[in-house]
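Everything on this sheet refers to the single structure shown next.
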Amino acid sequence: MANIPQLNAMTSVDLVNLIPEKWDSTIIHNAYQEAFWGGKFTAPEGGRLPIIEKEDFTKEVGDKIHIQTLSNLRGAGTSGETLQAGREEKLSAGTFSVTIERWSHAVALTDKANEISLMKDIMLAGKKLAPWLAQKLSDDVFKALLITATGATTLFADGVANEDALSSTNIMDLDEVAILRLALKRKGTMPLVVRRKNGEIENWYGVVMSGIDEHRLVTSADWKQAQREANVRSEDNPLFTSALGVFAGCLLYSYEGIVAAADTKGTPLRPEAVTKTELAANGTTLYVGSGADDNIDYTRNFKSSGKLISGTEVLSYDGKTNYTFTNVSHDNATPKAILAGSTVTQRNVASVLGFGAEILARAWGLHPTKIADSQSYNQLMGVGLKAVYGVAAIKDTYEQYPNYVILKTYAKNPGSV
């Protein structure tokens, strides 16, 4: 019998071997540099930075990784001839658990004539995966703090009663920064430990806000004067160099996320979406993003139910999918249609996060590592990353979130973009 020639198709192993040795580690490094909650805010247990990071590669999907936290000492100490023995204060140590889950993401590659062309596409895929991973690392932290962690201390700008009472006058300003700092101090929040350029170690708090809140703040005359008086721009600590500025013992930051396309906007701090089709005055389903299920979650930053606003039209909804808001009702007395291409927000409400050290735990069962696949005689190929990790806001022994505070503001976009 004549020998039957064997197909010489590239296997997944062959494709993985084409990926440069440090391809995945370079992506991780770049992502940590670009992520808001990346390297500058991350430390092992006891590092006095916002994110406690721990790895345990013996764990599998669904397992818990245990992280130790310590509360501040509160005892009075001793004085005079009072004996110290028997009056020691016990360290209030807590064990906090994070459940780890698997995630992955990949880039599809078209068939290439030679390995050099394929390797160029692999390197380009890496450049695309790095900002995606940076945004995932950041957004997962914000969602854990703002959405998953129910019961976190929440304030409202100018002291209004609730989120529904926020209006155009309740914007982000220096008074709100001072209120956040006061709230953090009164909660006993563990401050960040920052080493200044002159070697001195100081305690600071952090405040991170949306781009709209940033605009409202930094365009004010009070802010400009405060920064002239602060004079910390010569500092080389990354906590200072990446900050908008400082005020009242707080380092102030802004987070905008990464806009992948015109129909993908918003962050967990200020949710936004773009309508795909017109919503009639009596319409009950609002289509956003691509208007179809294309594996992109265009409503990911929105509440599962609540209020929306587009222009002057206020809507209520009680459900959502990746690309729709469902059971929509119009709150205006005389409702109008909402045109395709309109921006929709969570009623122009934004979250500002005031924080200290040890606000969240990030646990790794598997660091991001390269994956690849090849099908249909190499006509379908893909390279990407997989990991096993989890995040969770840190609670104290009283089931409270001691090291951060949420402030709700009214943050209407003053521009047209």
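Bear in mind these aren't lab numbers, they're just calculated from the coordinates by the rules spelled out. Since the model is a prediction, treat every value here as computed from it, not as a measurement. Using ideal geometry, Cβ is built from the backbone for each residue, glycine included, and neighbour counts are taken over all protein chains shown.
General observations
- Cβ charges +1 (Lys, Arg) and -1 (Asp, Glu), total dipole of the stretch 150-271, debye: 400
- Packing here is the average count of other Cβ atoms within 10 Å per residue, and on that basis the peptides 134-141, 188-195, highest first, run 134-141, 188-195.
- FRET efficiency, Lys224 to Ser416 (Cβ-Cβ, R0 35 Å, nearest 0.05): 0.90
- Within straight-line cross-link reach of Lys395, lysines at Cα separation under 25 Å, skipping those fewer than 8 residues along the same chain: Lys40, Lys54, Lys59, Lys64, Lys90, Lys136, Lys143, Lys185, Lys187, Lys303, Lys408
- For the stretch 142-291, the fraction of C-alpha pairs farther apart than 20 angstrom is 61 percent.
- For GluC sites (Glu not before Pro), the sites in the stretch 187-291 that DSSP calls loop and that have at most 12 other Cβ atoms within 10 Å are Glu200.
- Residue among Ser242, Val194, Val288 farthest towards the positive dipole end of the stretch 186-288, charges placed on Cβ: Val194
- Where N is the number of residues in the stretch 117-214, Cα Rg divided by 2.2 N^0.38 Å: 1.54
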